[in-house]
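This report concerns only the one structure given below.
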Amino acid sequence: MKKAIYPGSFDPVTNGHLDIIERAARLFDVLVIGVLNNQSKTPLFTANERVTMLQEVTKHISNIEIYAFDGLLIDFCREQNAQVIVRGLRAVTDFEYELQLSQTNRVVDPDVDTVFFTTNLKYSYLSSSIVKEIAMYNGEIDAFVDPKVAQLIRQKMKENRS
Ligand code: PNS
């Protein structure tokens, strides 16, 4: 059984992430989405909120499991018994960081390989940070995220302002 992990912050999940999730889920028997619970970053959404959001927008895909994880990605891969890490590449600017990440992970565990999906051209400019920035200034975010996610972002921004 081929099991892959798609790790990330997903703060919040964008249409670009969703596109990769749908494509990767077709290639592997099980796709585990690993939501990084990074103590050093201050995310907009808690890890639990991000997991719930991802569950909501991936309901139509049956071979998906979603968990939050702390610590090293490679340890999470071992814990999950996954042989593959899935990452998206939007543009050449992503390449250097992604290469470093995948090569480091391979040194730590040569049994785990990273597979890259080139992002759909429609979403090649898109990032969670851009979505948050637009939402912070009350901009329109419906083209970038699922409508349910857009609603949650607007609600969170409102809470943060009050
Ligand atoms: O969506 P992101 O923020 O680009 O995802 C980055 C992620 C989660 C893949 C990366 O930060 C990660 O793997 N963090 C866990 C800690 C770790 O294993 N670091 C890599 C050692 S090179």
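The numbers here are math on the coordinates, done by the rules we state, and not lab data. Note that this is a predicted model, so its numbers are computed, not measured. Glycine gets a Cβ as well: all are built from the backbone with ideal geometry, and neighbour counts include every protein chain shown.
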Whole-Hz couplings from phi, Karplus 6.51/-1.76/1.60, listed for region 6-17; x for Gly and Pro: 9, x, x, 7, 6, 10, x, 5, 10, 5, x, 4
Bridge type composition, the chain - antiparallel percent by DSSP, nearest 5: 0
Interchain or long-range residues, amide H under 5 Å from I5's placed H: V32, V84, I85, V86
Rounded Å value of the spacing that divides the Cα centres of region 123-147 and region 1-64: 17
In region 123-162, chymotrypsin sites (Phe, Trp or Tyr not before Pro) in a DSSP loop with at most 15 other beta-carbon atoms within 10 Å: Y125, Y137
Dipole-positive endmost among S127, I33, C77 within region 3-162 (Cβ charges, Cα centre): S127
Theoretical ellipticity at 222 nm over the chain - DSSP helices of four or more residues, -39500 (n - 2.57) apiece, nearest 500: -14000 deg cm²/dmol
Note, ³J(HN,Hα) from phi for region 68-76, Karplus 6.51, -1.76, 1.60, rounded to Hz, x at Gly and Pro: 8, 9, 10, x, 7, 4, 4, 5, 5
Other-chain or far-sequence residues with amide H under 5 Å of L89's (modelled H): F117, T118, T119
All lysines inside 28 Å of K2 as judged from Cα atoms, apart from same-chain residues fewer than 8 positions distant: K59
Percentage relative contact order, the chain, counting C-alpha pairs under 8 Å, at least six apart: 28
³J(HN,Hα), Karplus 6.51/-1.76/1.60, whole Hz, each residue of region 122-135, x for Gly, Pro: 4, 10, 5, 8, 8, 8, 4, 5, 4, 4, 5, 5, 4, 5
Where labels lie 7 Å past Cα in the beta-carbon direction, separation of S129 and F95 in nm: 2.0
